[in-house]
Amino acid sequence: MIAILINRLRSNKLFKNIFNLSILQVISALLSLVLIPLLARILEPTIFGLIMFIHLITSYFIWFSEWGFSQGGTQKIASVRSNFSELSKIFNQIYSAQIVLVFLAILPLLLILIYFQAEYQYEFFLIPIIVIYFILSSLFPIWFFNGIERVTFAVIVQIYPKISALICVIFFIEQPGDYKYYFLSLILGLIIGIFQCLYSIFKVHHINFDYSNPLIQIKNNFNYFLSSFSKTMGSNIVPLFLGLLTSIELFGFYSLADKIKGAVLTILNPVYQSVFPRMCHIINEKSYYKYFKKYSLFIMIIVLFMSFFILFFIEPIINFFVGQNYQLSSTLIKLMIPAIILNSIVSIMYYFVLIPYDLSKSIMKVGLFQFLIVLTISYPLVNVLEIYGAITILTVSELLFLICYLFIAFKYKLLKN
């Protein structure tokens, strides 16, 4: 019986994706859990906070140029993957749109980096390095490989920057002034990953790049962009206020906790990335609800296990890898546990229900509503409660998403079975 079950699982493409991705995501999470503490240990909290703040500012522009294609693009590619001409057409339209969006974002990013350079006095030559990092990060066609269910490959190429950065931190960063090498190492990993992606698309899948009208996919994915951007901004506007209203040192403590939270949640990405295209493909079939129930339960079991692990073991781990200077980060990651649980339930609703049903307008409205609420309460809470206000807003933000997503699901009777 066990042998039969194992043989069936081996022949199941979805299981293979999840299994392979689980291994890769554990590796990715471990890389982050080693990289970030090592970097924080070498750099003083102020310099570490500065690097994380630059990362945060750049990430806003990366999200802009991504334009929701990780959801909308994946869905479009998944729906036409059996039709080569349509597949090639959609790829060219989306990639052309990304190139245009990247060029639109370069000048505003430059101006902001110049402004903060005067504020925080980091080396001026770091600015073009950050711009190059932004361009490369924005041109990863991960949505294409997710759509054709080559999610394992998509994860592998995204690990390269982490590996490159880890090697750099171990061998080249010895003092706080060496932080510039960190961004250079990320660029090296991105170049290798993009080259491999484009080689696979052009040589393996035989798709020739032909610049197409970018407005088509910019328009078609506008709702996904608003929902993705507002969702991301809603959760990341908090650290922005923290960096602007408090000190870079406090921002460093928060960033370390937040990076650990993000690394822990990446363990769930194999399920989301593997099951999401399949859910879009079988949305009108009876098997949809079976998949939904099975993988939702699987995710929640993992989340509860990770929450208990954080509660009991994160403090000695941080003390061992980073040192006593970051004890506050241990407390913060424990306070983030409710947000971690809520985020997982929200992600289940987002990837397994709302996007497969193509409710982009509803998702967009919820995202904007949540963003406006968070924007309204962020300044007073962070200004008064500082770092603990940021944790409160993070939890409230995820709770708002969950309430709204459940309302939509019940309104349209999406979970009636």
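The values are calculated or read from the model by the stated rules, or taken from the named source; none is laboratory data. Just so we're clear, the structure is a prediction, and the values are computed from it rather than from any experiment. For neighbour counting, all protein chains shown are included, and Cβ atoms are generated from backbone atoms with ideal geometry for every residue, glycine included. The protein model used for the area step is the full one, side chains on, heavy atoms only, and it has no ligands, DNA or RNA in it. Shrake-Rupley method; radii C 1.70, N 1.55, O 1.52, S 1.80 Å.
Things worth noting here:
- Scanning region 84-108 for residues that are farther than 20 Å from HIS206 by Cα and touching a Leu at 6+ places or on another chain (Cβ under 9 Å) turns up ALA97, GLN98, ILE99, VAL100, VAL102.
- Residues satisfying the stated conditions in region 219-252, i.e. among the aliphatic types (A, V, I, L, M) and either assigned to a loop (DSSP other than H, G, I, E, B) or open to solvent by less than 50 Å² (accessible area, probe 1.4 Å) (or both): LEU226, MET233, ILE237, VAL238, LEU240, LEU242, ILE248, LEU250
- Which listed residue is in a helix (DSSP H, G or I) and modelled with pLDDT of 90 or more, from ALA409, ALA339: ALA339
- Residue that is of a type outside the set (Asp, Glu) and exposed (fewer than 12 other Cβ atoms within 10 Å of the Cβ), where the choices are PHE116, PHE144, PHE124, PHE140: PHE124
- Test for LYS334: is it among the basic types (Lys, Arg), modelled with pLDDT of 85 or more, surrounded by fewer than 18 Cβ atoms within 10 Å (Cβ to Cβ) and over 22 Å from LYS293 (Cβ atoms): yes
- Region 68-97 - residue that is open to solvent by less than 20 Å² (accessible area, probe 1.4 Å) and not in a helix (DSSP H, G or I) and, of those, modelled with the lowest pLDDT: GLN71
- Hey, ILE282 open to solvent by 20 Å² or more (accessible area, probe 1.4 Å) and closer than 28 Å to GLU149 by Cβ or not: no
- Helices (runs of 4 or more DSSP H) within region 99-218 that include 3 or more residues of a type in the set (Phe, Trp, Tyr): 142-147, 151-171, 180-199
- Any hit, region 395-405, residues being touching a residue at least 60 places away in the same chain (Cβ under 8 Å) and part of a loop (DSSP other than H, G, I, E, B): no
- For region 339-348, the condition of being surrounded by 17 or more Cβ atoms within 10 Å (Cβ to Cβ), more than 20 Å from THR392 (Cα to Cα) and out of contact with any helix residue (DSSP H, G or I) (no Cβ under 6 Å at 6 or more places or on another chain) holds for none of the residues.
- Criterion applied to LEU166, LEU104 was being out of contact with any Asp or Glu (no Cβ under 7 Å at 6 or more places or on another chain) and crowded, with 16+ Cβ neighbours inside 10 Å, and the one residue passing it is LEU166.
- LEU21 meets the conditions (1) open to solvent by less than 10 Å² (accessible area, probe 1.4 Å); (2) part of a helix (DSSP H, G or I); (3) at pLDDT 70 or above in every case but one. The failed one is (3).
- Some residue of region 150-161 being at pLDDT 85 or above and within 19 Å of ALA40 (Cα to Cα): yes
Residue-by-condition table, conditions (1) part of a helix (DSSP H, G or I); (2) touching a residue at least 60 places away in the same chain (Cβ under 8 Å); (3) open to solvent by less than 10 Å² (accessible area, probe 1.4 Å); (4) within 23 Å of ILE156 (Cα to Cα):
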position: TYR254; (1), (2), (3), (4): yes, yes, yes, no
position: GLN273; (1), (2), (3), (4): yes, yes, no, yes
position: ARG278; (1), (2), (3), (4): yes, yes, no, yes
position: PHE308; (1), (2), (3), (4): yes, no, no, no
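- Single residue of region 376-416 satisfying the filter (within 25 Å of the chain's Cα centre (by Cα) and of a type in the set (Ser, Thr, Tyr)) that is farthest from TYR291 (Cα to Cα): TYR379
- Test result for LEU368, in contact (Cβ under 8 Å) with a residue 60 or more places away in the chain, open to solvent by 30 Å² or more (accessible area, probe 1.4 Å) and either out of contact with any strand residue (DSSP E or B) (no Cβ under 6 Å at 6 or more places or on another chain) or over 21 Å from GLY262 (Cα atoms) (or both): yes
- Taking the listed residues VAL131, VAL100, the one that is of a type outside the set (Ser, Thr, Tyr), more than 30 Å from HIS281 (Cα to Cα) and at pLDDT 90 or above is VAL131, with no other qualifying.
- Residue match in region 207-215 (condition: open to solvent by less than 80 Å² (accessible area, probe 1.4 Å) and at pLDDT 85 or above): yes
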